[in-house]
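Read through the structure below, which is laid out as C-alpha cells, and then see the notes.
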Amino acid sequence: MPPRPLRIDPASDRPWLEVLRDSTLVRLVETALANNREFRIAVARVREYRALLGVARSELFPQLSATASGSKNQIVFGSFPTQEFDVVRLTADLAWELDFWGRLRRQTQAAGFDLRGREEDERAAVVSLVADVVSAYLELRELDQVVGIAEQTLESRRATLGLAQRRFADGVISELDVRQFEAEAAAPAARLAEFARLRSEREHQLNLLLGEAPGPVARGAPLEAVVQAVAVPDSIPAELLLRRPDVTRAERDLQAAAARVGLALGNRLPRVMLTGTYGRQSQDFQDFFSRDNEIYVAQVGISIPLFTGGRLADQQGAARARLDQARARYEQTVLQAFREGSDALVGLRLSRDQLSAQQTQAQALARAYRLAVQRYENGVSSYLEVLDAQRSLFNAQLALVGQERQYLVQTVRLYRALGGSWIHPGR
C-alpha cells in the first residue's frame with residue numbers, strides 16, 4: 001500500500017479539533033480564543049502594525065494642511081514713526097515628495113511585510129493556544145481516569161480486606177495476612193489524595209488558559225474514546241511545513257529587510273519636493289476676501305545629500321547586514337521546521353505502537369487478577385498472589401491511561417509542528 005501523505009487544510013486551524021471528536025474540547029478552545037489575554041495581545045499587535053502601514057503609505061500622497069493665524073504687529077523703519085497693524089492670514093499648504101527612486105515605495109513595502117509578519121504571529125498564537133488548551137485538557141482527563149482507577153482499586157482492596165477478615169475470623173488465615181491486606185488497602189488511598197490534588201491544579205491551569213477564574217471545567221469524552229478517533233498520517237509534504245507561522249514570519253522578515261535595503265539606497269539619492277501655499281491675508285476681516293488679498297507660493301525643490309560623514313553609507317551597510325541576518329534566520333527556521341515535523345511524526349507512530357503494547361499488557365493483567373482472586377477464594381493460592389496481581393494491574397492501568405494521553409499529546413505535537421491542521425485524502 002503506498003504511503004498516505006498529508007495535505008493542507010485551506011480552512012481554519014480549528015477543524016483540526018474534529019480529529020479528537022470531543023465537542024466539549026472544541027467549546028473550550030473557542031472560549032480560550034475569545035478570552036485568553038495573551039492572544040488578545042497578539043491581536044492588538046496586528047492592529048498596531050496595520051496602523052503603522054497606513055502611516056507609511058500616507059507619505060506617498062500629497063500632505064495638505066490648513067493654517068489660520070491672526071497677529072497684532074508693531075514695527076519701526078528708521079526715523080519713521082512707529083507703525084502698528086493687524087494681520088489675519090488663512091492658507092492651505094501643500095507638501096509632496098515625488099518618489100522618483102522608489103524610496104517611499106520601499107518603505108511602504110517594508111511596513112506591509114512587517115504587518116504580514118505580525119499576522120503570522122497571531123496565527124502562531126492561535127496554534128500555540130489551541131495546543132496548550134488541548135494538552136491541558138488531555139492531562140485533566142487523564143487525571144480524571146487515574147482518580148477513577150485509584151477509587152476502583154481502593155474499593156477492590158477493601159473488598160479483599162473484608163474477605164481476609166472473614167477468613168481470619170474462621171481461622172483460615174493468620175492475623176499477619178490481615179495486616180498485610182490493611183497495608184495494601186492504604187496505598188491506593190494515599191495515591192488517590194495525590195491524584196485529586198494534581199487534578200485540581202491542572203483544572204486551575206486550564207482555567208487560566210480559558211481566561212477565567214479558577215473553577216470547574218466541563219468534561220467530554222474519555223481518553224479511550226478520543227484515541228479511537230485519531231488517525232496517524234504516513235508522510236508530511238514540505239508545503240505543510242513551509243506554511244508554519246514561524247517559517248512564514250521569517251520569510252516576511254526577510255522580505256522586509258530586503259525592502260529596507262532599497263529604502264537605505266533611496267536615502268542616498270536626490271529628493272524632489274513639491275510645495276505650495278495658497279490663501280488670503282488682510283489687515284481686517286472686512287476686505288479679507290478681496291482679490292487683492294490673495295497670496296500663493298508654488299515651489300519645486302531638490303535636495304541632494306553631498307556630505308553626511310558616512311552616515312548614509314553606514315545605514316545602507318547596516319541594512320544589508322540585517323538582510324543577511326534575516327536570510328540566515330529564515331534558513332534556520334526552515335531546517336528547524338523539518339526536524340520538528342519529522343520528530344513529531346516518528347513520535348506519533350511509535351507512541352501508537354507503545355499504546356497497543358500497553359493495552360495488551362493491561363488486558364492480560366486484568367485477566368490474571370481475576371484468576372488470582374478466584375484461586376484465593378477457593379483456597380488454592382495465598383494472599384501474596386492476589387496482592388501481586390492487584391499491584392501489577394493497578395500500575396498497568398495507570399500506565400495505560402498515561403500512554404493514551406501521551407499518544408494524544410503526540411497528535412497535538414504534530415499539529416503544533418505543522419503549524420495547523422491537516423486533511424487526510426479520502427476523508
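Counting just the residues of region 172-181 that are part of a loop (DSSP other than H, G, I, E, B) and in contact (Cβ under 8 Å) with a residue 40 or more places away in the chain, which one comes out surrounded by the most Cβ atoms within 10 Å (Cβ to Cβ)?
The qualifying residue surrounded by the most Cβ atoms within 10 Å (Cβ to Cβ) is Ile173.
Select, from Ala362, Ala368, the only residue that is assigned by TED's automatic domain parsing to the domain that holds Glu142, buried (at least 17 other Cβ atoms within 10 Å of the Cβ), modelled with pLDDT of 90 or more and more than 30 Å from Ala250 (Cβ to Cβ).
After applying the criteria, what remains is Ala362.
I'd like the residue in region 63-89 that is of a type outside the set (Val, Ile, Thr), at pLDDT 85 or above and surrounded by 12 or more Cβ atoms within 10 Å (Cβ to Cβ) and, out of all such residues, is nearest to Gly279 (Cα to Cα).
Here the residue is Arg89.
Check Arg416, Arg339, Arg352 and return the single one that is under 37 Å from the mean Cα position of the chain (by Cα) and buried (at least 19 other Cβ atoms within 10 Å of the Cβ).
Only one candidate passes the filter, namely Arg416.
Of everything in region 18-52 that's of a type in the set (Gly, Ala, Ser) and more than 15 Å from the chain's Cα centre (by Cα), which residue is farthest from Thr411 (Cα to Cα)?
Top of the filtered list is Ala51.
Is there a residue in region 228-236 that is touching a helix residue (DSSP H, G or I) at 6+ places or on another chain (Cβ under 7 Å) and at pLDDT 80 or above?
no
Residue under question is Asp132, and the condition is that it be outside any loop (DSSP other than H, G, I, E, B) and out of contact with any helix residue (DSSP H, G or I) (no Cβ under 9 Å at 6 or more places or on another chain); does it hold?
No, not satisfied.
State yes or no: is Ile295 touching a residue at least 60 places away in the same chain (Cβ under 8 Å), outside any helix (DSSP H, G or I) and farther than 30 Å from Leu408 by Cα?
yes
Scan region 83-139 for residues that are β-branched (Val, Ile, Thr) and more than 30 Å from Leu210 (Cα to Cα) and jot them down.
Val87, Val88, Thr91, Thr108
Look at region 182-221 and say how many of its residues are assigned to a helix (DSSP H, G or I), among the aliphatic types (A, V, I, L, M) and under 24 Å from Leu140 (Cα atoms).
Result for region 182-221: 10.
Being free of Cβ contacts under 8 Å to residues at least 12 places away in the same chain, among the charged types (D, E, K, R), in the same structural domain as Leu52 (by TED's automatic domain parsing) and farther than 19 Å from Val29 by Cβ is true for just one of Glu151, Glu224, Glu194, Glu120. Which residue is that?
Glu194
(1) basic (Lys, Arg); (2) outside any helix (DSSP H, G or I); (3) in contact (Cβ under 8 Å) with a residue 60 or more places away in the chain; (4) under 30 Å from Arg329 (Cβ atoms): which one isn't true of Arg260, the others all being true?
Just one mismatch for Arg260, condition (2).
Give the residue, chosen from Glu184, Glu212, Glu224, that is surrounded by 14 or more Cβ atoms within 10 Å (Cβ to Cβ) and within 26 Å of Ser23 (Cα to Cα).
After applying the criteria, what remains is Glu212.
Output the residues belonging to region 227-255 that are surrounded by fewer than 20 Cβ atoms within 10 Å (Cβ to Cβ), under 18 Å from the mean Cα position of the chain (by Cα) and assigned to a loop (DSSP other than H, G, I, E, B).
Arg243
Considering each of Ala313, Ala321 in turn, give the residue that is farther than 30 Å from Tyr415 by Cα, surrounded by 12 or more Cβ atoms within 10 Å (Cβ to Cβ), without any contact (Cβ under 8 Å) to a residue 12 or more places away in the chain and not charged (D, E, K, R).
Being farther than 30 Å from Tyr415 by Cα, surrounded by 12 or more Cβ atoms within 10 Å (Cβ to Cβ), without any contact (Cβ under 8 Å) to a residue 12 or more places away in the chain and not charged (D, E, K, R) holds for just one of Ala313, Ala321, which is Ala321.
Run down Phe85, Phe80 and say which single residue is free of Cβ contacts under 8 Å to residues at least 40 places away in the same chain and not assigned by TED's automatic domain parsing to the domain that holds Val217.
Answer to the selection: Phe80.
Quick test of your reading of the structure: Phe168 fulfils all but one of (1) more than 27 Å from the chain's Cα centre (by Cα); (2) among the aromatic types (Phe, Trp, Tyr); (3) at pLDDT 80 or above. Name the failing condition by number.
(3)
What is the number of the single condition among (1) under 22 Å from Ala417 (Cβ atoms); (2) surrounded by 21 or more Cβ atoms within 10 Å (Cβ to Cβ) that Ala164 does not meet?
Exception for Ala164: condition (1).
Given the conditions (1) over 29 Å from Ala92 (Cβ atoms); (2) surrounded by fewer than 16 Cβ atoms within 10 Å (Cβ to Cβ), and given that Asp292 satisfies all but one, which numbered condition is not satisfied?
For Asp292, the exception is condition (1).
The values are calculated or read from the model by the stated rules, or taken from the named source; none is laboratory data. As the structure is a prediction and not an experimental result, all values here were calculated from the model. Every residue, glycine as well, gets a Cβ built from its backbone with ideal geometry; the counts of neighbours run over all protein chains shown.
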